[in-house]
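I have placed the structure first, in the form of C-alpha cells, so that the comments after it can refer back to it.
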Amino acid sequence: MIQSPLATCASWILASVEIRIFQVPNPDIHLAKKQLRRHIRNLPLGDEGAMSSRLVQNLQEWLSARPEFRRIALFAAMPREPDLGSLIALMPERRFVFPRICEGEMEFHPVANMNELRAGTWGILEPRAEAQISAPAEIDLLLCPGLAFTRAGHRLGKGKGYYDRYLVRFVNARPPCYGVTFSAFVCDSIPCEPHDAMMDRVIDETTNGSAEL
C-alpha cells in the first residue's frame, strides 16, 4: 500500500522477491499499478495444474461443511490464474455462475458444465449471451480472480474495474468475497484507490481448507 500519494518510490514484497518501482514520476497510482502488473506478469510460476488441484481440493473440503453457500460465483481461468472449473463436477449439489462482459459491464450466468463456455471479451471463456442472468442477490459466495492480493484483502486486477463496479451493486450486505490466487502472487502491499473492492479473505494453494478458511 502506498503510504502517501506523494511517494516517489514504492516497494512491494512478492513471493519473497523484492519488487521496486523506482522514482514514480508523479503521484499517479494508476502508473504504479501498471508497473506492478508488468513485474507480476514476468514472475516465474510453478506447476499451475498441480497448484490448482490443491486449491480445488481445499475449497471442496471447506464448502462441503458450509451448505449455506448454494450459489457460488466462479471464473474461467486465464493463464497464471487458478483453474477452479472442476468444482462443478465435484459438487453437483451446488449451483455455479460465471461472469460475462456485455457493453462494458459484468453479469453472472448459471453454468452447469464448462463446455457451455465460449470465448468472449478479451478471449476469456464466458457463458453464452442468451444464458439467464443471475441477480447479485442470488449469489451466496463470490470467488474472485486477480493479478495479486495482500493477506489483508487488497486486490490488484487487470485494470478494467469489472469486479469493483459489480460489487457496489449489492443493495444489502454483499456475500463473502474471497480472492483466489497462487501463493506466488500474494504480496505485502498493493497500491490502492478508494474504489478498489476489498476481499474478505484471500486463499491460495497453501490454504488449509479445514483449518484456515
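Computed from the coordinates by the stated procedures, all read-outs in this text should not be read as laboratory data. These numbers come from a predicted model, not from an experiment. Ideal geometry is used to build each Cβ from the backbone, glycine not excepted, and the neighbour counts take in all protein chains shown.
Estimated at 0.36 nm per residue, the fully extended path between ARG66 and ALA89 surpasses their Cα-Cα distance by 6.5 nm. Under a 5 Å amide H cut-off, with hydrogens placed 1.01 Å from N, ALA148 pairs with LEU156 among residues at least 5 apart or on other chains. For segment 149-213, the list of chymotrypsin sites (Phe, Trp or Tyr not before Pro) that fall in a loop by DSSP and count at most 15 other C-beta atoms within 10 angstrom reads PHE170.
Across segment 47-203, C-alpha contacts under 8 Å between residues 6 or more apart give a mean separation that, scaled by the residue count, equals a relative contact order of 21 percent.
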